[in-house]
1. Which percent of the accessible area of region 53-186 is formed by carbon and sulfur heavy atoms (probe 1.4 angstrom)?
2. Using θ = phi - 60° and the Karplus form 6.51 cos²θ - 1.76 cosθ + 1.60, what ³J(HN,Hα) does each residue of region 133-148 get, whole Hz, x for Gly and Pro?
3. Can you sort LYS250, LYS8 by solvent-accessible area, 1.4 Å probe, largest first?
4. What order, most packed first, do the peptides 234-246, 145-157 have when packing is the mean number of other Cβ atoms within 10 Å of each residue?
5. Highest mean first, how do 179-186, 166-173 rank when packing is the count of other Cβ atoms within 10 Å averaged over residues?
6. Please give the per residue accessible area of region 174-259, computed with a probe of 1.4 Å over protein heavy atoms only, in Å².
7. I'd like the Kirkwood hydrodynamic radius of region 161-255, using the inverse of the mean 1/r over distinct C-alpha pairs, in Å.
8. In deg cm²/dmol, rounded to 500, what helix-only [θ] at 222 nm does the chain give when every DSSP H run of at least 4 residues adds -39500 (n - 2.57) and the total is split over its residues?
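The values are calculated or read from the model by the stated rules, or taken from the named source; none is laboratory data. Values in this document were obtained by computation on a predicted structure and should not be read as measured data. All Cβ positions, even for glycine, are placed from backbone atoms using ideal geometry, and neighbour counts span all protein chains on display. In case anyone asks, the SASA skips ligands and DNA or RNA and just uses the protein heavy atoms, side chains included. Shrake-Rupley method; radii C 1.70, N 1.55, O 1.52, S 1.80 Å.
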Amino acid sequence: MGLLPEEKFYSIVQPLCAEFFAMVIHTFWGSMFTHPSENPYHNRTFPEYEYSTDYVITCLVPALQAGLAVYMIIVLFWKVCIVNFNPAISLAFVVTGVLSPGMFIPYVFMQCLGSVVGAAMAMAIKQDIPGPISIAKDANVGAVFCHEMIVMGLFCFFAVFTVCQEDYDQATGPLAVGLTVFQGIIGGKWIGGACLNVARAFGPALVLGDWRLQWVWWVADLLGACVFGTIYMLVFAPKEKLWIRNFLQKKNPITSVEL
């Protein structure tokens, strides 16, 4: 006699483990990639040119790394479950009926836990800071907030379209979702920062004890998920899920009258 019902394992335990491992991978990769700090503890000596702050090193490559990581992780868990590994994506899935509201908190907990583990692993290996996602000190916080809300909302938009529409058959769907992260980070470069995953920011923030302006990521991302999830359900959802379907006039069948 099994200790855990098979149905609960596949519907609860397996998805929660997927959220945890997805965020471990995502945060570890991102934290290992980031630029060395001014006073790293590792023994490697970097030539001066490797500290270059040009556009390719500080923006294009990080954006590409993050976008490809999202694409790879979605593909990895494609046959296991609908992997979220992002609190805002989970909230958008709650709004659109993909995820049960009761699973939202467990999902976010596992995502944040995975991020902490990934950041701690990267910090131990690098002997340097684990790639914090922060806002530039001279940035306009209002501009960063608005940009983050919009790009996160669009990220959720792409994710919801690929999941809610059961007849969605574009094989490049996961790549398109990953490229929304690429686009968001590219844009964030010019205004002082972009996150697109509050769980990814949570791990390094906890490990370093640096919570400066982290609320911007949480509020903007979750608000964007709600707004764009609602737009989808009001306008673009399949007929049977559309929130306004009861207000739409249905075509009456033509009846013939015999004289």
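1. Roughly 70 percent of what the probe reaches on region 53-186 is carbon or sulfur.
2. Karplus values, whole Hz, x for Gly and Pro: 9, 10, 9, 4, 5, 9, 7, 7, 4, x, 5, 4, 4, 5, 4, 4.
3. The most accessible residue leads, giving LYS250, LYS8.
4. Ranking, from highest mean packing down: 145-157, 234-246.
5. Peptide ranking by packing, descending: 179-186, 166-173.
6. 60 Å²
7. Roughly 16.7 Å, rounded to one decimal.
8. Calculated from helices alone, the mean residue ellipticity at 222 nm is -18000 deg cm²/dmol.
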